[in-house]
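*Asks:* Sharing a structure below in structure tokens format, with a few things to ask.
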Amino acid sequence: MTARLSAALALWDIQAHRSLTVAPTASNLTCVARVQALITTAAAVIADAAAAHGHLDHGTTERFTPLAEASQLAWTRTAHRWSELITPAARTHPPLLGAASQLRAALAATVQGEHGWAPADTVTSRVDLPAALDALNLAIAGGTEIGHVIRGIATSEPTLTAPARIIGMRTQAEVERDTDRGETRYLGVEWVTARQIRDNQPIPLPEPARRGLVDIAGETAATSSRALAAFIVPHCVTHQEPTRPTPSPPPVHAEATRMHRPSIATDLGR
């Protein structure tokens, strides 16, 4: 199971970068963000299991868990914003869907139980925890890089289009936000015509609509980086002297936190 998980994570990282390079579309960006949210949540579940069984110190998990939750929420918001821009005719890159499906199956086999996330004992029986932590550490690092890639796409990708109605709403919201900050250069500018709105035509993203996507992508990359800084493998107890005492049981809130994490199906928007 550990080899399957590591291979699926590696394949996903390669394919996500490749798909965003050859086809930086809203549907592909949505898929990538959803899977990154899933990876972050699964990492928190596996970190809990590692701490419960002495493979990771509890100080690391206490730092990592809230940062992982913030990162998961940021990736989910990113997925939602890009999903708004998907046109009816859009299709997700088939190789990306294939890599996402393989990773979802590997994570489900690792951390999913009958009624949600698997308990620590079950996770421990399925994978080699130190090796799984190594693989997830690399995956979160890759996610941070992907966040910057998405920010670059939002900033300057010339092929980005979206339905006129959502562009009109998002652009207006950004202009109003700018106005509240004292920026008035976009006041009175018509970004979408009445006919485009009536037909809901796909049109290029205007600068104000891009800015909102840039901001959320930057925050997503930042939250992923903060989670990565807390989730570092050198904290593994297995890398320390074997004579060190076994860590005390995890705090009561650790299990409660796991129960509130979104399910695998929810993270992938199924």
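*Asks:* Would you kindly derive the ³J(HN,Hα) couplings of the stretch 145-156 from the backbone phi angles with the Karplus curve 6.51 cos²θ - 1.76 cosθ + 1.60 (θ = phi - 60°), listing them in order in whole Hz, with x for Gly and Pro?
*Replies:* The phi angles translate into 5, 4, x, 5, 4, 4, 4, x, 5, 4, 6, 9 Hz.
*Asks:* Still on this structure, I have one more. Would you mind computing, in nm to one decimal, how far apart the modelled labels at THR122 and ASP57 are, each placed 7 Å from Cα along Cα→Cβ?
*Replies:* It works out to 3.1 nm between the two label points.
*Asks:* So, R0 is 35 Å and r is the distance between the beta-carbons of ARG177 and ALA108; what FRET efficiency does that work out to, to 0.05? List each step's numbers first, then the result.
*Replies:* Working: r = 39 Å, r/R0 = 1.12.
Efficiency, rounded to the nearest 0.05: 0.35.
*Asks:* Suppose every Lys and Arg Cβ carries +1 and every Asp and Glu Cβ carries -1, with no other charges. What dipole size does the chain come out with about its Cα centre, to the nearest 20 debye?
*Replies:* Working: 24 positive and 25 negative charges, 140 e Å.
With Lys and Arg at +1 and Asp and Glu at -1, about 680 debye.
*Asks:* Also, I was wondering about something else. Kindly provide the helix-only [θ] at 222 nm of the chain, computed as the sum of -39,500 (n - 2.57) over DSSP H runs of four or more divided by all residues, to the nearest 500 deg cm²/dmol? Don't skip to the answer; put the middle values down first.
*Replies:* Details: 11 runs with 185 residues, N = 270.
Mean residue ellipticity at 222 nm (helix-derived): -23000 deg cm²/dmol.
*Asks:* If I stretch the segment between SER83 and ARG4 completely, what's the gain in nm (0.36 nm per residue apart, minus their alpha carbon distance), one decimal? Present the calculation step by step, with values, prior to reporting the outcome.
*Replies:* On the way: separation 79, 0.36 × 79 = 28.44 nm, distance 2.95 nm.
Net length gain for the segment: 25.5 nm.
*Asks:* Of ILE146, ILE197, ILE39, which is the most mobile in a GNM of the chain whose springs link Cα atoms less than 10 angstrom apart?
*Replies:* Its mean-square fluctuation being the largest, the pick is ILE197.
*Asks:* Using a simple charge model, +1 on the beta-carbon of Lys and Arg, -1 on the beta-carbon of Asp and Glu, nothing else, what dipole does the stretch 77-179 show about its Cα centre, in debye to the nearest 20? All intermediate terms of the calculation are to be shown ahead of the outcome.
*Replies:* Numbers: 9 positive and 10 negative charges, 72 e Å.
About 340 debye.
*Asks:* Along each principal axis of its Cα atoms, how long is the stretch 1-115 end to end? Whole angstroms, biggest number first, please.
*Replies:* Principal-axis extents of the stretch 1-115 (Cα, largest first): 49, 29, 28 Å.
*Asks:* As an exercise, identify the trypsin sites (Lys or Arg not before Pro) in the stretch 15-104 lying in DSSP coil whose Cβ has no more than 16 other Cβ atoms within 10 Å. Numbers along the way, then the final one.
*Replies:* Numbers: sites: ARG18, ARG34, ARG63, ARG77, ARG81, ARG91, ARG104; in loops: ARG91.
Sparse-neighbourhood loop trypsin sites (Lys or Arg not before Pro): ARG91.
*Asks:* Convert each backbone phi in the stretch 78-84 into a coupling constant with the Karplus relation 6.51 cos²θ - 1.76 cosθ + 1.60 (shift: θ = phi - 60°), then list the ³J(HN,Hα) values in order as whole Hz, x for Gly and Pro.
*Replies:* Result, rounded to whole Hz: 4, 4, 5, 5, 6, 5, 5.
*Asks:* Say each of THR155 and THR21 gets a label point 7 Å from the Cα, pointing the same way as Cα to Cβ; how far apart are those two points in nm?
*Replies:* 1.9 nm
*Asks:* Compute the FRET efficiency between ARG198 and ILE14 as 1/(1 + (r/R0)^6), taking r as their Cβ-Cβ distance and R0 = 41 Å, and round to the nearest 0.05. Please report the intermediate quantities before stating the final value.
*Replies:* Values: r = 43 Å, r/R0 = 1.04.
According to the calculation, E is roughly 0.45.
*Asks:* Rounded if a/c is under 1.5, else prolate if a/b is larger than b/c, else oblate: which is the stretch 114-169, with a ≥ b ≥ c the root eigenvalues of its Cα gyration tensor? Mind showing how you got there, number by number?
*Replies:* Numbers: a/c = 6.02, a/b = 2.13, b/c = 2.82.
The shape class here is oblate.
*Asks:* Taking springs between alpha-carbon atoms closer than 10 angstrom, which of GLU174, GLU190, GLU145 fluctuates most in the Gaussian network model of the chain?
*Replies:* So, out of GLU174, GLU190, GLU145, the one fluctuating most is GLU190.
*Asks:* Find which of PRO95, GLN36, LEU11 sits farthest along the positive direction of the dipole of the chain, computed with +1 on the beta-carbon of Lys and Arg, -1 on that of Asp and Glu, about the Cα centre.
*Replies:* PRO95
*Asks:* Using a Gaussian network model of the chain whose springs link C-alpha atoms within less than 10 Å, name the residue from VAL22, VAL45, VAL127 with the highest mean-square fluctuation.
*Replies:* It is VAL22.
*Asks:* Continuing with this model, one more query. Taking the Cβ of LEU5 as the centre, find all other residues whose Cβ is under 15 Å away and add up their charges (Lys, Arg: +1; Asp, Glu: -1).
*Replies:* Working: positive: ARG4, ARG104, ARG126; negative: ASP13, ASP128, ASP134.
Charge balance in the 15 Å sphere: 0.
*Asks:* Which loop-located trypsin sites (Lys or Arg not before Pro) does the stretch 111-187 contain, where loop means any DSSP state but H, G, I, E or B and the Cβ has at most 12 other Cβ atoms within 10 Å?
*Replies:* Numbers: sites: ARG126, ARG151, ARG165, ARG170, ARG177, ARG181, ARG185; in loops: ARG181, ARG185.
Answer in residue order: ARG181, ARG185.
*Asks:* Which of these values of Rg and Dmax of the Cα atoms in Å was calculated from the structure shown: (1) 20.5, 74; (2) 21.4, 63; (3) 22.0, 69?
*Replies:* Computed from these coordinates, Rg and Dmax of the Cα atoms in Å corresponds to label (1).
*Asks:* Could you state the angle between the C-alpha long axis of helix 2-22 and the longest principal axis of the C-alpha atoms of the chain, as a value from 0 to 90 degrees rounded to the nearest 10?
*Replies:* On a 0 to 90 degree scale, this one is about 20.
*Asks:* I'd like to know which of ALA47, LEU107, GLY59 lies farthest towards the positive end of the charge dipole of the chain, counting +1 on Cβ of Lys and Arg and -1 on Cβ of Asp and Glu.
*Replies:* So the residue furthest toward the plus end is LEU107.
*Asks:* To continue, here is another question. Please label the shape of the stretch 53-112 as rounded, prolate or oblate, based on the square roots a ≥ b ≥ c of the eigenvalues of the alpha-carbon gyration tensor (a/c under 1.5 means rounded; beyond that, a/b larger than b/c means prolate, else oblate).
*Replies:* On the way: a/c = 4.64, a/b = 1.70, b/c = 2.73.
Oblate, because a/c is 1.5 or more while a/b does not exceed b/c.
*Asks:* Can you find, among ALA230, ILE167, ASN137, the residue farthest towards the positive end of the dipole of the chain? Put +1 on the C-beta of Lys and Arg, -1 on that of Asp and Glu.
*Replies:* ILE167
Taken together, the values in this text are just the output of simple stated rules run on the coordinates, not laboratory data. Nothing here was measured: the structure is a model prediction, and the numbers come from that model. With ideal geometry, Cβ positions are generated from the backbone for all residues, glycine too; neighbour counts draw on all protein chains shown.
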